[in-house]
Amino acid sequence: MTSVLILLGPPGAGKGTQAVRLCSALSLPHVSTGDLFREHRAKGTPLGLEAQVFMDAGKLVPDELVLDMLFERVAKPDCARGYLLDGFPRTLAQAQALEGRLGSQSHLRVLNLRVGDAALIERLTGRWTCRICNRVQHVKTSPPKVAGHCDVCSGELYQRADDTAEVVNQRLAVYREQTSPLEGFYRSRGVLTEVDGARSPDEVFPALTRAVRAEDALRPA
Ligand code: AMP
């Protein structure tokens, strides 16, 4: 039985931050389609170059490009026992494709991080990412000790092209139109747990682990 945990929520809800912590606590591989695309871009692969146009405009990469890449990743041996999906699915077609692939031999649960638009915009437009270790710092909540450099590895901090104000608004609109219907999709299947994401990462994390544990306790052995 493969355990698949999905972190759902708008851009800026804290999926990436919480995914890293949850994966370490639950010993699950972290599968982020955004990170996979950024790796392809960094390597200059044809997929990376094709995806870049959509990403920089705050649009979704077409489903067929996402699905092949994702299914190739989760077919690797480290995902056999289970994995955590961050940033996937983002459309109903992706959710249906995942459901078809998983079949009945998997246990799926979805944690939905809820955060209001004003907080999302402040979080995203103030965020700077390290070029070397990918750690994210925020101008207000975790300002770098040395301006422009990562607190952990001193790497150069940069603003993701899709974290600028204009692109952030576009990403939120895309979320509302194309991704938020997934809440109803998973709620109707009885696998969705809502978690208030409008708190500090240290407060959200225990709420997420409690939600996972509460669900595990209900599962037949
Ligand atoms: P993220 O790092 O999850 O915010 O993703 C960054 C960008 O990558 C998104 O704005 C999309 O352009 C693209 N992307 C990531 N995951 C998906 C997905 N599941 N479907 C379509 N596009 C995606």
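Overview of results
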item	result
Pair list, Cβ under 9 Å, 6 or more apart: the range 15-35 residue among the basic types (Lys, Arg), other residue part of a helix (DSSP H, G or I) and crowded, with 20+ Cβ neighbours inside 10 Å	21/208
Residue tally, condition outside any helix (DSSP H, G or I) and of a type in the set (S, T, N, Q), over the range 84-126	5
Close pairs from the range 53-65: first basic (Lys, Arg) and at pLDDT below 95, partner surrounded by 14 or more Cβ atoms within 10 Å (Cβ to Cβ) and part of a helix (DSSP H, G or I), Cβ under 7 Å, at least 6 apart	59/174
Any hit, the range 77-97, residues being over 22 Å from residue 16 (Cα atoms), within 13 Å of the ligand (Cβ to nearest atom) and buried (at least 18 other Cβ atoms within 10 Å of the Cβ)	yes
Qualifying residues in the range 49-67 (those that are over 15 Å from residue 93 (Cα atoms) and surrounded by fewer than 18 Cβ atoms within 10 Å (Cβ to Cβ)) - the one farthest from the ligand (Cβ to nearest atom)	49
Single unsatisfied condition, residue 3 versus (1) at pLDDT 95 or above; (2) assigned to a strand (DSSP E or B)	(1)
Selected residue [modelled with pLDDT of 95 or more and under 19 Å from the mean Cα position of the chain (by Cα)] from 160, 176	176
Sole residue being more than 10 Å from the ligand (Cβ to nearest atom), surrounded by 19 or more Cβ atoms within 10 Å (Cβ to Cβ) and under 25 Å from residue 111 (Cβ atoms), chosen from 70, 36, 5, 26	5
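The values are calculated or read from the model by the stated rules, or taken from the named source; none is laboratory data. The model shown is predicted, which means the values in this text are computed figures rather than measured ones. All Cβ positions, glycine included, derive from the backbone under ideal geometry; neighbour counts span all protein chains shown.
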